[in-house]
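All of the numbers you see were taken from the coordinates with simple rules; none came from a lab. Note that the structure is a prediction, hence the values are computed from the model and not measured. Reconstructed Cβ throughout: ideal geometry from the backbone, glycine too, with neighbour counts over all protein chains shown.
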Amino acid sequence: MEIEEDGSRVMKWENGAKCWNGPKRSATVYVTCGPETKLISADEPDTCCYVFEIESHIACDEAYKTKMGLDGEEEQDDKDNSNNDDAEKPKGISAKSF
């Protein structure tokens, strides 16, 4: 992942599956700072070459996260989930599956 001067993050994927009538697929994702994770735009400027713009708190610096109350959010989710050890967990799916 690259970080632009304005703080936005850029992720690039290349050499994807070959299009039936074109080059191998590629995608570039621009992530800018925002309180919610949401898709801003999706485009295909060239055949099988995709560009996405996403807004998310993952592109925010620590000061922004603190101001918006986003810091510690994942830690709290982990704590909430650990208190629910008796809940039935799905079988056959793990992070390694993806």
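Observations
- Residue count for the range 14-42, restricted to those that are farther than 20 Å from residue 2 by Cα and among the acidic types (Asp, Glu): 1.
- Scan of the range 1-55 for residues that are among the hydroxyl-bearing types (Ser, Thr, Tyr) and closer than 30 Å to residue 66 by Cβ, ordered by number: 8, 28, 30, 32, 37, 41
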